[in-house]
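The values are calculated or read from the model by the stated rules, or taken from the named source; none is laboratory data. Bear in mind that the values here come from a model prediction, so they are computed numbers and not experimental data. Quick reminder, even Gly has a Cβ in these numbers, built from the backbone with ideal geometry, and neighbours come from all protein chains shown.
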C-alpha cells in the first residue's frame, strides 16, 4: 500500500533523483507528511518558479566549471532569518547545499554537517566527474528558480568541507 501511495503522489527517495527528474521539473520538495513519507522523501513541484527559502526545496541549478564544462545539478537554498536572504539581498554559500549529476550518481560540491548525502573525499569526486581541481574550480552556478525574489547564482572556489555559522571553508 505504501508503494502504491508513493507512486500515485509521484514521491521518490532523495537518492533516486536524476538529472532527468530536474529536466522535467525544476523544483522538488520534502513534504514531511503522512506515514508514507520520511526525511528522505521528495516530490516534484511543477509550475513553481519561486520558492521562499523557508521550506526544504531542491532546485535545478546549472553549473559551469572553470574549463567551460557544463553540469546539471541542484542546490538547496536555506537562509537564516535576519542573517541573510531578503534582509541583505544575498544567499551566502554556507547556507546552500550544491550537488551535480555525474552519470547515474551525484557528486556534492559541499557537504553540510547534517547532509543525507555521502561525504566523498575530493579525489573520488574528481574521478566521478572526470576532471581535476584546476578544470573544475572556480565553478559558477545559476538557477532558473528564484528565491524570495533573489536570483540563485554565485561561484564556489572549491569543495566546502567545513561549515560554521557565518563561515565556509573551501578545499580543492
Open item on the list: For the range 143-152, give me each residue that is surrounded by fewer than 17 Cβ atoms within 10 Å (Cβ to Cβ) and either over 15 Å from residue 76 (Cα atoms) or modelled with pLDDT under 85 (or both).
Closed with: 146, 148, 149, 151
Open item on the list: I'm checking my understanding of the structure. Among residues of the range 153-172 that are assigned to a strand (DSSP E or B) and out of contact with any strand residue (DSSP E or B) (no Cβ under 9 Å at 6 or more places or on another chain), which one is modelled with the highest pLDDT?
Closed with: 167
